[in-house]
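Here the structure is laid out as structure tokens; the discussion comes afterwards.
The values are calculated or read from the model by the stated rules, or taken from the named source; none is laboratory data. These numbers come from a predicted model, not from an experiment. Here the Cβ positions follow ideal geometry from the backbone for every residue, glycine too, while neighbour counts run over all protein chains shown. All accessible areas refer to the heavy atoms of the entire protein, side chains included, with ligands and DNA or RNA removed. Shrake-Rupley method; radii C 1.70, N 1.55, O 1.52, S 1.80 Å.
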Amino acid sequence: MDQGRPRRRRRNRRRSGEDHISGLPDELLHVILLRLGSARAAARTSVLSRRWRLMWTHLPELVFGNASHDAPPPTPASFLNSVDSAVSACTAPTLEAFVVVLPAAGDNSLNVPAGRVTPWLRFAAERVVGELILFMPRPRRMWPRELQVNFDWIDGEEVELPTCERAKAITLRLKQDWRLRLRPTGLFKALTSLRILFCRMEGSELSALVCTQCPCLRDLTLCYILVDASDISIHSDSLQMLSFSIMGTQRLEVVTPRLEHLYVGEATGEARISAPKLARVVWCVDTYDPHRHQFEGVGRRLRMLDICGNFIAGLLMQRFDEVDKLNLGIYIPHRIEPYERFFSETNKLPKCETLSITLENHHGLAPVMLHLLRSCGSAKKVSVQFIDPSDYTMCCWASCPCRSEENRKIDGIDLNSLEELEITSYKSFEKESLKFMEQLSRCNAPILKKLVYGHRMFQYPSQTKVVYEKVCSMYHPKIEVECYEFLDGMWVRFD
């Protein structure tokens, strides 16, 4: 009798039309629906049975925008309607994630009014206890700088970010002409990560938000344009990472006792940075003026310094004595004045273990590289990537110092610590890069163990063998030489 009961239960289940999955507890059904990766896909399960009809409305996550899970991909209008319907139907008291990534229209005609987004943000303020992500379609091109700094010609819409007391992470990528407004009262009590991209804001509203409304904020990324040129103040006892790229900033003041990582991607008239724990600095600004850009309470040693402006901010390197990893993105125009300025500002580099150089150069390759190695002989590893200039035919003047034989000498270059050297070059740099490597082989590098040479844009594989043999002939047999070529979108080692 006992053995027959399970069979009778299975027969009864089949007669009632109930499947095995529908008989699972709600918690397991939620896990299954979340694995679909899309709220639209989860909503389509309503047709399976009466049990599934409203199951998706109880999910702890609503995700819109994972195209791989939406087949066929929705039209822009149906996508917006789906988000509106989900916001209205959702019965979950809290959400761990509310993600809306709008699809980019092929003809860039998708026009989403700010009023359509406002209810989504209000909904998120009430429900989200985890992560809020709202992405408008990424602009195909940024407005010209002369228009970005003067918005008198356009009257953009306003969108308000309500106070999200329980959200832990907020990422907003809005529209360039939208003006984001913030409420002056209320606390983002749980917020630890905030990213605001592509919009306009008041400097005073941002300062108030960071300084007084986000007591737990640790990660802050800002990339937008101020409504009017103004000062920005960031005072935070909790902030650890700051990425700052705000156009129109007259003066930036950062007072952050726990800040460890700083990225600056937009020029400011003045800057005062007080961050005693600062360890990593990325400076993607054309210039650095020690009189206008001041680091207060910051030590003389960093774990990483990355300089990647259009012109090298050499004076910033002089602010530090020692850097574990030094990354230099160097662009030297064809004129004589930038070349001389580069040499003047890089006479002495910080002591470092790893030196990584990305060089776009209209001058002789060897003089620039030999100068850098002469200025920094402490590195254990040196990595160099030669970028093909956009207009390599625009060479420097015949009277440029880079043509002087004096600047091509290897005197004074001592690489006692160098163990590994990596060089990546383009076809147009082949002769110069090989000549530089030949000069480098004659420098004093007693413990060099490995040389890696990568070359892009080879037309014939046989060239790789020729280059490989040339490089091997330059260096002592005890040095391991690896040669790579870039084929079909990937690096392939030549043996």
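Here are some notes:
- The numbered conditions (1) of a type in the set (G, A, S); (2) at negative phi; (3) surrounded by 18 or more Cβ atoms within 10 Å (Cβ to Cβ) are all true for G248 except (2).
- Residue count for the range 358-374, restricted to those that are open to solvent by less than 40 Å² (accessible area, probe 1.4 Å) and β-branched (V, I, T): 1
- Test for L316: is it open to solvent by less than 60 Å² (accessible area, probe 1.4 Å) and either assigned to a helix (DSSP H, G or I) or in contact with a helix residue (DSSP H, G or I) (Cβ under 6 Å, 6 or more places away or on another chain) (or both): yes
- Among residues that are farther than 20 Å from E131 by Cα and of a type in the set (G, A, S), S193 is not included.
- The single residue among S233, S193 that is under 15 Å from L161 (Cβ atoms), surrounded by fewer than 22 Cβ atoms within 10 Å (Cβ to Cβ), among the hydroxyl-bearing types (S, T, Y) and in contact with an Asp or Glu (Cβ under 9 Å, 6 or more places away or on another chain) turns out to be S193.
- Complete set of residues in the range 212-230 that are at pLDDT 95 or above and open to solvent by 10 Å² or more (accessible area, probe 1.4 Å): T212, P215, C216, R218, D219, T221
- Condition check for T75: modelled with pLDDT of 90 or more and more than 17 Å from V159 (Cα to Cα): no
- Subset of the range 254-268 that is open to solvent by 30 Å² or more (accessible area, probe 1.4 Å) and of a type outside the set (V, I, T) - its residue that is farthest from G299 (Cα to Cα): A267
- Restricted to the range 408-457, and to residues there that are among the polar types (S, T, N, Q) and part of a helix (DSSP H, G or I), the residue that is surrounded by the most Cβ atoms within 10 Å (Cβ to Cβ) is S433.
- Residue that is nearest to R408 (Cα to Cα), among those in the range 332-357 that are open to solvent by less than 50 Å² (accessible area, probe 1.4 Å) and polar (S, T, N, Q): T346
- Counted residues, the range 320-331 - those being at pLDDT 85 or above and open to solvent by 40 Å² or more (accessible area, probe 1.4 Å): 4
- Scanning the range 471-495 for residues being at pLDDT 85 or above and touching a helix residue (DSSP H, G or I) at 6+ places or on another chain (Cβ under 6 Å) gives a total of 4.
- Condition check for S378: outside any loop (DSSP other than H, G, I, E, B) and at pLDDT 75 or above: no
- Output for the range 239-276, where each listed residue is over 22 Å from the mean Cα position of the chain (by Cα) and of a type in the set (K, R): R251, R272
- Residue list for the range 327-373, filter: out of contact with any strand residue (DSSP E or B) (no Cβ under 8 Å at 6 or more places or on another chain), in a helix (DSSP H, G or I), touching a residue at least 40 places away in the same chain (Cβ under 8 Å) and farther than 19 Å from D286 by Cβ: A366, P367, L370
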